[in-house]
Amino acid sequence: MLNRTHFSRRKFLKANGAAVALPFLHSMPGVFGAGSKVAKPSKKLAIMYIPNGIVRRCFFPEEENGELPGFVGGFNADKTKNQKRKRNTPGIYPLELTSTMQPLKDHTRDVTLITGLDRTFKNGQDVHAQGASCYLTSLSPVQAAEQGIKHPNGRSLDQVIGDKVGHTTAFNTLEIGCNGFTAGKESIHFDNISWYGPDKIAPSIRDPQKLYDRLFAKDSYRSHVTEVTDLVLADAKSLSRKLSNEDRATMDEFMTMIRDVEVRMARLEKLLTNVDIRVPKNEVLPRGEYIRLQADLMLLAFQMGITNISTFMIGPERWDATLMYEGVFDKPVQHHNMTHNQKGKGYLEVQKIDIFHMQQYAYVLKRMKEIKESDGSTMLDNSLVTYGAALGDGATHQYYDLPMIVAGRGQGQVKQGRFIQCKSGTLNSNLWLSVAKLMGLEMESFADSTGVISDMWT
């Protein structure tokens, strides 16, 4: 017989390795007993990654009249570092939405733009491979060996945080990618940002069906929900009879989300049945639909307590696949190659993809603001959602002044709606150390960090 007083909503049932849970319902404390308490929502961390850098003049304030960059070879990322970089005036400034950031106009009070962040780079190693694989480690395996520096537990930031806070969920971390191209193009170093340790990849899940199966088991999730409700209310005919009108609406919305995800997966699967997936000429999945489907699966995992930590690669580095950016171009294009040709009006074509990526970020923030948690707050209130690239510019391949946006309030710890200019040369690992501390870790350093970005705190 179930002990309702001590029942945990986090893990109603396990099926094929996936915890099956329901969203928080206000009626549950009454169902489980008068002494039940509403649990404080967990902090969530989503790290969103965009490939191939950005068009700087359209992304950062005060750079709109900057010189359009010419191509700098991929093994010379620091070539122009001390020649043409814009030196910051450190401080906190009002957030000004540039043309690329316009999709965030409804979220200006939820985000902070940060500039001045650099990452150590070793000349002679490919910038794209080093960019993606070292985004969350800050030092490459080679650099770490040369300098005698070991990453905490030999792991990327998400894994380090998952080690400490992931014990309350089914999965410590969740790794998601949006690279639907099936033909081999690059090594794993270009297509992953999460690592258990040097050369020990934490592979991202690129197939929505595989991600769905991992989270919710292979058979219908609704059948599991039926089992769950029977378990919770062993002597009741229906959970819905015990729910308030508000909770019934929550359950209806939740199940609608599940059904919507299943319909969208079926539609994408139908697209794939009509192409040669062995050696495709083009990536056939519409980018926006594909990315948003993966994002919704990530948010469902957050909502149900399956995980609180996730990485999310919007696209792979330097993968010269032709991609269909629906609503942006009439035909598939190659993002990586386009970033090398910003002269004249070329930058405007690249910016279209930057804006497209920002729209996907805005979608995630919108959905997180719509999802209510146990105390009436939103998921975004309880989260940190970073958005950035490993290159400061797609043409120069620079490893300085990296683009970074941080959204969410981290349960009141982060002040938003600002533009933080760090001192030029501030290490990107300082940001990751700050994120780790905001997620509750007691650690004094990460990789080559020299301190935290204290301006992030309220």
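Computed from the coordinates by the stated procedures, all read-outs in this text should not be read as laboratory data. Since this is a predicted model, take the numbers as computed values, not measurements. When we count neighbours, we look across all protein chains shown, and the Cβ atoms used for this are built from the backbone with ideal geometry, even at glycine.
Before moving on, here are some points about what is shown:
- Counting neighbouring Cβ atoms within 10 Å and putting the fewest first, the residues 187, 449 line up as 187, 449.
- Residue list for segment 357-392, given a label point 7 angstrom along the Cα-to-Cβ vector of residue 168 and an amide N cut-off under 13 Å: 374-375, 382-383
- Per residue convex hull volume, Cα atoms of segment 361-422, in Å³: 93 Å³
- Over all other residues within a Cβ to Cβ distance under 13 Å of residue 294, the charged ones net out to +3, with Lys and Arg as +1 and Asp and Glu as -1.
- Pairs from the list 343/437; 372/437; 44/200; 345/369 with a Cα-Cα gap above 32 Å: 343/437; 345/369.
- Contact order, relative form, for segment 319-458: 14 percent (alpha carbon pairs under 8 Å, 6 or more residues apart, mean separation divided by residue count).
- Among the listed pairs 43/105; 40/164; 122/366, those whose Cα-Cα separation exceeds 28 Å are 122/366.
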